[in-house]
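Following this message is one structure expressed as C-alpha cells.
The values are calculated or read from the model by the stated rules, or taken from the named source; none is laboratory data. Since we're looking at a predicted model, the values are computed, not measured. Please note: Cβ atoms are built from the backbone with ideal geometry, for glycine as well, and neighbour counts cover all protein chains shown. With ligands, DNA and RNA removed, areas are computed over all heavy atoms of the protein, side chains included. Shrake-Rupley method; radii C 1.70, N 1.55, O 1.52, S 1.80 Å.
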Amino acid sequence: MLDLIIRSAALPDGRSGIDIGIAGGKIAAIGPALPAQAGETVDAGGLLVSPPFVDAHFHMDSTLSYGLPRVNQSGTLLEGIALWGELKPQLTQEAIVERALAYCDWAVAKGLLAIRSHVDICDPRLLAVEALLHVKQKVKPYLDLQLVAFPQDGVLRSPGALDNLKRALDMGVDVVGGIPHFERTMNDGAESVRILCELAAERGLRVDMHCDESDDPMSRHIETLAYHANRLGLRGRVAGSHLTSMHSMDNYYVSKLIPLIREAGVAAIANPLINITLQGRHDTYPKRRGMTRVPELLAAGVPVAFGHDCVMDPWYPMGSGDMLEVSHMGLHVGQMTGQDAMRQCFAAVTGTPAKILGLEGYGLDVGCNADLVLLQARNTVEAIRLRAARLKVWRAGRLVASTPAATATLDLPGRPDSTDFMY
Ligand code: FE2
C-alpha cells in the first residue's frame with residue numbers, strides 16, 4: 001500500500017503518462033499506469049513533475065537586507081561589497097535568522113528545496129555562521145541548506161580570515177570557499193587557492209570559490225583552481241563560481257583552459273541574474289554580458305549550474321527565490337534557445353546542481369527521496385517560458401506548499417464566449 005500516488009505526470013526527461021508511487025517518504029514505484037492503490041491520489045493531468053529546484057550559489061546571510069543601512073546607489077559590485085562592510089557591524093544573529101527563515105519560506109513556495117549558501121566568515125564574531133548553522137537545523141525537515149565558509153574580504157587580505165574560516169569549518173560549515181580575484185595581487189590570489197584547496201583536501205571537504213568575478217581577461221584563477229583540484233585529487237568536489245572573466249578572455253587561451261577544467265573534474269556555477277547586472281560596468285558600448293561561456297563548457301562536458309546568488313541584498317534589488325527566473329535569464333544571456341540547450345537550462349537548476357552539492361537521494365528513481373514539484377507546464381521548456389506556477393511541492397512525500405494555477409479571466413468585446421483563460 002502506497003501513501004501517495006501521483007498519476008499521469010510528464011517527466012523532465014520527456015516521458016509522459018507516468019505514475020509515481022510514494023511510500024515512507026521515498027519513491028517506491030515509477031512507471032506507466034501503475035496498478036497500486038494509495039492512501040491519496042493526485043492527478044497531474046499530464047503536467048510536469050520534477051525533482052525540486054536546487055540553487056548552487058546563494059548568500060543567505062545578506063538576503064532580504066536591501067536598503068540596510070542604505071541602498072546601493074551605483075548598483076555596482078564594489079559598492080555592494082562596501083555596503084555589506086557597513087552593514088556587518090550592525091548585524092545581529094536574530095535578524096540574520098529571521099531574514100534567512102523568511103527566504104526559506106519563499107524558496108519552498110517556489111519548489112526550491114536545496115540551497116548552497118556562502119556565509120561570510122571575515123567578522124571574527126562569526127555571527128552569521130552561528131545564525132545560518134541554526135537555520136540549517138531548523139529548516140532541515142523541508143530544505144537542505146549547505147554552507148560554504150566564504151572569506152568575502154579575501155582570506156589573505158583580511159586579517160585573521162584563515163583562522164576564522166577554519167573555526168567556521170570546525171563549527172560545522174560544509175564547504176571551503178574563497179575569492180582569489182579580490183586578494184591584493186594575482187600571486188596572493190593564486191596562493192589563496194593553494195591554501196584553501198589543501199585545507200579542503202586535508203579535511204575531506206568540497207570547494208566552491210568565487211572565482212574571477214571580473215571583466216579582467218587576465219583574471220585566470222580558474223586555471224590555478226583546476227591545477228590544484230587535479231593535483232590534490234579533488235575531482236568532482238570542486239566548483240568555480242561566476243568565472244565571468246572567461247567571457248572576456250582570449251579565445252585561444254580558453255581553448256586550452258576549458259579542457260583543463262574538464263580534466264580536473266571542476267564544475268562551473270554561473271549566476272546569470274547577477275552577472276548580467278554587475279559585469280560590463282566599465283564598458284561604454286558595446287557592453288559585455290559577463291556571464292561565463294556556458295554552452296562551450298557544457299559542450300566540453302563540464303557540469304554547469306545556474307545560481308541565484310542574491311535576492312534583495314546590497315548587490316541585487318530583485319529576486320524571489322524562483323530558479324525558473326534564473327534559468328530563463330541564463331537561457332537568454334547564453335543564447336541557449338536550441339531544444340537541447342533549453343533542456344540543459346532546466347537541468348542547470350535541478351539535477352546538475354544536485355550533483356555539484358552531492359545531494360543524496362535526489363532524483364526520480366525508485367528509492368530516491370519523494371521530494372517533488374508539480375508545475376503548471378507540460379515540459380521543461382514550457383516551465384522556463386512561463387516561470388510556471390508550482391502547483392504542489394512535496395518533501396519526503398508530504399505536501400509542504402501549494403499555489404493556485406495562474407489563470408486570467410477575459411471579457412472581450414465581440415467575444416461572448418470569453419471564459420477563464422489558462423496559459
Ligand atoms: Fe556570490
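Percentage of Cα-Cα pair distances in the chain greater than 31 Å, rounded to whole percent?
Here the long-distance tail beyond 31 Å is 39 percent of all Cα pairs in the chain.
Within the range 22-104, report the trypsin sites (Lys or Arg not before Pro) that DSSP leaves as loop and that have at most 15 other Cβ atoms within 10 Å.
Within the range 22-104, the qualifying trypsin sites (Lys or Arg not before Pro) (loop, at most 15 other Cβ atoms within 10 Å) are Arg70.
Please report, as a whole percent, how much of the solvent-accessible surface of the chain comes from carbon and sulfur atoms (probe radius 1.4 Å). Each step should come with its number before you reach the end.
Working: 9160 of 17310 Å².
About 53 percent, which is the carbon plus sulfur part of the accessible surface.
Let me test this: with uniform point scatterers at the alpha carbons of the range 246-340, what is the Debye-based log₁₀ I(q)/I(0) at q = 0.11, 0.15 1/Å?
The Cα Debye sum returns log10 ratios of -0.35, -0.64.
Around Ala389, under 14 Å between beta carbons, what's the net of Lys plus Arg minus Asp minus Glu among the other residues?
Surrounding charge for Ala389 is +3.
Nearest 20 debye, what's the magnitude of the dipole of the chain about its Cα centre given +1 on Lys and Arg Cβ and -1 on Asp and Glu Cβ?
Here the chain has a charge dipole of around 480 debye.
Give, as ranges by residue number, the residues of the range 128-151 whose backbone N falls under 13 Å from the point 7 Å along Cα→Cβ of Glu360.
Hits in the range 128-151 for Glu360 at 13 Å: none.
Ala56: net charge of surrounding residues, Cβ under 9 Å, Lys/Arg +1, Asp/Glu -1, itself excluded? Mind dumping the intermediate values first?
Numbers: positive: Arg116; negative: Asp55, Asp208.
Net charge around Ala56: -1.
Compute the signed sum of charges (Lys and Arg +1, Asp and Glu -1) over the other residues within less than 13 Å, Cβ to Cβ, of Gly189. Present the calculation step by step, with values, prior to reporting the outcome.
Details: positive: Arg157, Arg184, Arg194, Arg220; negative: Glu183, Asp188, Glu191, Asp212, Glu213, Asp216, Glu223.
Result for the neighbourhood of Gly189: -3.
Can you give me the C-alpha center-to-center distance between the range 46-67 and the range 174-210, rounded to a whole angstrom?
When both Cα centres are located, 25 Å separates them.
Please give the per residue accessible area of the range 321-365, computed with a probe of 1.4 Å over protein heavy atoms only, in Å².
40
Just to confirm the filter: which trypsin sites (Lys or Arg not before Pro) across the range 105-195 are DSSP coil and have at most 14 other Cβ within 10 angstrom of their Cβ?
Arg125, Arg184
Relative to the longest principal Cα axis of the chain, at what angle does helix 221-231 sit, 0 to 90 degrees, rounded to 10?
The answer is roughly 80 degrees.
So, one more: Taking the range 118-240 on its own, what percent of its Cα-Cα pair distances exceed 18 Å? Numbers along the way, then the final one.
Values: 3678 of 7503 pairs.
Result for the distance tail: 49 percent.
Per residue, how much accessible area does the range 1-156 have with a 1.4 Å probe, in Å²?
Accessible area per residue: 37 Å².
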